[in-house]
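The values are calculated or read from the model by the stated rules, or taken from the named source; none is laboratory data. Computed from a prediction, not measured in an experiment: that's the story for all the values here. Here the Cβ positions follow ideal geometry from the backbone for every residue, glycine too, while neighbour counts run over all protein chains shown.
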Amino acid sequence: MGTGSSNKVNLDWSKTPIEVPNEGVIVMGRMRDQDTAWVGAELSEWRNFIYTVDDTSFPRHTPKNKAAKPFRTYNLLSTTTTTSPPLGASATTRVRRSRGLCEPALPNVPRLPREIQPFRNPPKPGDTGEKYYAQAWKELFNNSDVPEVIGAPCCSQFAVSRDQILKRPLSDYQRMYDWVLNNDLPDEITSNIMEYSWHIIFGREPVFCPDVAQCYADVYGEEVITF
């Protein structure tokens with residue numbers, strides 16, 4: 001079963017003005033009734049791009065409510081180029097210390113080093129992206145070098161530096177955006193596939209499950225952390 005669709009939405013790539021210098025930007029999705037005023041109030045040193053995913057009348061919105069976790073990030077990445085800001089909710093200097101990408105490594109965040117095995121037979125049961133991952137990989141990454149195993153901390157929350165973003169051309173993000181928008185898969189499967197692709201998109205190996213203490217040390221500079 002392919003993951004593409006013949007009923008593609010025609011996209012008019014909006015141009016998002018980016019002012020330089022830019023310390024960073026927080027990208028979030030929200031339902032129209034959700035209150036996100038706390039972001040500007042508590043994180044005022046960061047710009048924010050908060051996309052309303054279920055109401056296109058809002059000035060900043062996604063074309064439709066689909067796979068909200070990855071969609072809001074692609075909505076920004078696919079409309080900016082050389083001035084793309086760092087994304088996330090971690091200080092830029094800390095992201096740089098982590099070699100461009102930082103995913104949360106709190107004690108209660110699951111690390112799943114063998115979560116996706118595209119060639120497992122039979123595939124993992126449940127609403128996971130495993131049985132669709134190989135085909136999705138080919139469409140997302142435009143190659144057939146599908147890893148045997150993919151693993152990462154859960155939940156599609158990360159901070160990434162400008163330099164790491166710019167290691168990929170704009171066309172990559174536009175192709176990935178189109179796939180998220182136009183594939184025929186259920187939202188939860190699309191989201192699951194992207195959950196286990198972000199770290200690869202931003203330069204990590206397919207299995208990226210750092211030790212909790214090491215992750216804290218890399219990001220925050222702590223030599224010893226005891227939980």
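Of the listed requirements (1) aliphatic (A, V, I, L, M); (2) within 24 Å of M28 (Cα to Cα); (3) surrounded by 16 or more Cβ atoms within 10 Å (Cβ to Cβ), I150 misses just one: (2). When T93 is tested against the conditions (1) modelled with pLDDT of 55 or more; (2) farther than 23 Å from L170 by Cα; (3) of a type outside the set (G, A, S); (4) not in a loop (DSSP other than H, G, I, E, B), the lone failure is (1). Restricted to segment 32-59, and to residues there that are surrounded by 13 or more Cβ atoms within 10 Å (Cβ to Cβ) and either in contact with a Gly (Cβ under 6 Å, 6 or more places away or on another chain) or part of a helix (DSSP H, G or I) (or both), the residue that is modelled with the lowest pLDDT is W46.
Applying the condition of being more than 10 Å from S161 (Cα to Cα) and among the aliphatic types (A, V, I, L, M) to segment 96-131 and asking which residue is modelled with the highest pLDDT yields I116.
Applying a threshold of 8 Å to beta carbon distances and a minimum spacing of six or more residues, or different chains, the list of pairs starting in segment 124-136 at a residue that is surrounded by 13 or more Cβ atoms within 10 Å (Cβ to Cβ) and ending at one that is aromatic (F, W, Y) and outside any helix (DSSP H, G or I) reads G129/Y196; Y133/Y196; A134/F119.
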